[in-house]
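Everything on this sheet refers to the single structure shown next.
Every read-out reported here was derived from the displayed coordinates using simple, explicitly stated rules and does not represent laboratory data. None of the values given here were measured: they were computed from a predicted structure. Every residue, glycine among them, receives a Cβ derived from its backbone with ideal geometry; neighbour counts consider all protein chains shown.
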């Protein structure tokens, strides 16, 4: 089992470019989440998906869109990247029985 | 929404000493409180969690205590070792049901350094 995987691991974008961060899980969990992590600020929720076909905004959704393609995959899209979106992005899934969230390895994004 | 405050932001101890990290939360509906450890360049990993129907939980050298009345919870690490050095995050959430869907609100993190 791969658990939670994310691609790419690293990405450098220029201001205004777009890109999609991919997340996939083989844990058969219903809920999936996207967080960003900035120094000194912990992890902040961008968007989440309680189940296939549903998505909702988290704490910091501006500048992002998401797609829950199926139960396994949850993607995060930056339509027009800004330097303020330089961060490490983590995808996570949640076990509905234990409540534990399992994190992917992260994507380090730099916007210049 | 929920707000989680974590203290201290940095903590330096000698090997073998105990370390305590404290968090407060604002939403009285929160009922799930996990602690994550994150090593440099790695993903956060759950080390212990507690639900609001218990006051304390232990797992070997780590323990978590919860005071629902005061809305605070703490992580205790005893007999610290250099490999305990990492960033520790607390978080709060309501469990499944309603509209929360298990959203976690994280504290700002504590950098723990254990000196040999």
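Structural remarks
- Restricting the calculation to Cα atoms, chain A shows an Rg/Rh of 0.95 when the hydrodynamic-style radius is the Kirkwood one.
- Counting every pair of alpha carbons in segment A:1-61, the share spaced more than 16 Å apart comes to 59 percent.
- Evaluated at q = 0.15, 0.24, 0.28 Å⁻¹, a Debye calculation over the C-alpha positions of segment A:49-112 (equal weights, vacuum) places log10 I(q)/I(0) at -0.54, -1.23, -1.41.
- Here's the picture: a label point sits 7 Å out from the Cα of residue A:20 along the beta-carbon direction, and within segment A:69-91 the residues with their amide nitrogen under 20 Å of it are A:69-82, A:89-91.
- Looking at chain A, the DSSP beta bridges with both ends there are about 90 percent antiparallel.
- Once you reduce segment B:1-21 and segment B:44-116 to the center of their Cα atoms, the two points are 10 Å from each other.
- Shielding by partners - mean other protein chain Cβ count within 10 Å, residues of A:65-76: 0
- Inter-label distance, nm, simple model (7 Å from Cα along the C-beta direction), residue A:112/residue B:57: 4.5
- Convex hull projection area averaged over all views, chain B, Cα basis, nm²: 7.0
- Scaling against 2.2 N^0.38 Å puts the C-alpha radius of gyration of the protein assembly as shown at 1.01.
- Added length on full extension, which subtracts the Cα-Cα distance from 0.36 nm per residue, residue B:46 to residue B:26: 5.0 nm
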